[in-house]
Amino acid sequence: MTNWKTCKIGEVVELSQGLAINSKTKHLLVPKSTLPLLKIRNLINGIEEEYVDEDKVSTKCIAIPEDIIYTRTGQVGLVYTGKIGVVHNNCFKVIPNQEIDRMFLYWLLKQTEIIEIANSIASGSVQKDLNHTAFKSIDISFPEDLPTQRRIAEILSALDDKIEMNRRMNKTLEQMAQTLFRQYFVDGIDKENLSKGWQEGKLSDLVDVKGGTTPSTKQREFWDGNINWTSPKDLSSVRFPVLLNTEKKITAAGLKKISSGLLPVGTLLLSSRAPIGYLAITQIPVAINQGYIAILCEKGYSNYFMLYWLKENMSTIIQNANGSTFLEISKSVFKNIALSIPPIELVKEFDAKVDALFQKLVLNEKEISTLTTLRDTLLPKLMSGEIDVMQTKPAALYEPVLS
């Protein structure tokens, strides 16, 4: 049986602070380089926005794929690896010593328990900030032998690799579907001289729309039921336009407070404010809050056509929004947005080709959800020693869930 060691994390790691961008260092920012600046939003979204002069920045701030990056300001406790760039001051690198395997440390830091502790000891009431001393005070436990650490990391990383592979595949499927849409309805289309069968119209000619509401949160009898209820928050972390589940559930009594009722599978959702533009085709019956326009495609024009039309024309949707506090697109304005309407036969031809792509995307998203649940269930069990990984085959852990 493997022995486990308990200690302060500061006993087995060193920290390397990220680069502060201020009046003394802003000269390090350049229009383009091989080193993007890794702020928290860049780590989350995977988007490069700013770049740092690779010849002048300190190597202590540079992250290579093997490094572990830990967020310490604002959103405390997010953990990343596999990144290349210059770590921003709202993060630091966590560097393990010879006692602890790098990938084991990565998974150890991703435990909910560790994240909660980090947030509880971070200072600041408006914006949390976790300093080096506080981070190093966190208690951890780990197997003393490196082979056990590596076996635990391998099990969790194998699941993560499969999740990432599915996401890459879905990104390709999305690009293929959008390319198909452009080939059918954008490229070579002369809006001044429409081809035979095309006509000018409004979105209301193609779809019906509905809105939603939030049942009173003071009335407990409306909440914690078994009916899916969604707000745009559910789509904020969705990478692809598929809604498989909702964070909150309502009761039948709560549903009666929503005039649009329970919307069917296949409803296209558009977030109409804060922000405008989240999109998803529902794979579950769902009730919605006031932050959505629900698009019902029951006039012959499919939810596929409308999904990719909205993606192609989101700037037009936003241009038609108004509001002083935040922009919002109303149902009445949305319905009256003009568009060139293609022949229904052309849309059906497009649907026949895009359906296989979208259904594969949905299957991948369902598998991602299953794999994520399995990974998150295994994580605390592996990290506590509840499962003896040296005596258990990985397949025995995966198969009950994936079969």
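Computed from the coordinates by the stated procedures, all read-outs in this text should not be read as laboratory data. Quick caveat: nothing in here was measured; it's all calculated off a predicted structure. When we count neighbours, we look across all protein chains shown, and the Cβ atoms used for this are built from the backbone with ideal geometry, even at glycine.
For K393, project a label point 7 Å along Cα to C-beta. Then give me every residue of segment 116-158 with its amide nitrogen under 19 Å of that point.
151-152, 154-156, 158, by backbone N distance to the label point.
At a temperature of 10 °C and a viscosity of 1.306 mPa s, determine how fast segment 199-341 diffuses translationally according to Stokes-Einstein, using the Kirkwood radius over alpha-carbon pairs as Rh; express D in µm²/s, rounded to the nearest whole number.
D, rounded to a whole number, is 103 µm²/s.
Shape call for segment 169-212 from the C-alpha gyration tensor, a ≥ b ≥ c root eigenvalues: rounded (a/c under 1.5), prolate (a/b greater than b/c) or oblate?
oblate
State the Cα centre-to-centre distance between segment 161-208 and segment 105-136 in whole Å.
44 Å
For each pair in K331/K366; K202/K331; K39/K248; K24/K56, compute the distance between the two Cα atoms and list the pairs where it is over 19 Å.
From K331/K366; K202/K331; K39/K248; K24/K56, over 19 Å: K331/K366; K39/K248.
From the cross-link list K93/K393; K32/K60; K5/K83; K257/K311; K8/K128; K162/K381, which pairs have alpha carbons spaced over 23 Å apart?
Distance filter (> 23 Å) returns K93/K393; K5/K83; K257/K311.
Over the chain, what is the percentage of antiparallel beta bridges among all DSSP beta bridges, to the nearest 5?
Here the antiparallel bridges make up roughly 85 percent for the chain.
Under 1.5 on a/c is rounded, so check that first for segment 41-176, then, if it is not, pick prolate when a/b is larger than b/c and oblate when it is not; a ≥ b ≥ c are the square roots of the alpha carbon gyration tensor eigenvalues.
It comes out rounded by the Cα gyration axes.
Taking amide H positions as placed in the peptide plane 1.01 Å from N, state which residues far from K202 in sequence (5 or more) or on other chains have amide H under 5 Å from it.
Long-range HN contacts for K202: L339.
May I ask you to order 80-87, 193-200, 371-378, 228-235 by the average number of other C-beta atoms within 10 Å around their residues, highest value first?
Descending packing order for the listed peptides: 228-235, 80-87, 371-378, 193-200.
For A274, list long-range residues whose amide hydrogen, built 1.01 Å from N in the peptide plane, is under 5 Å from its own amide hydrogen.
L327
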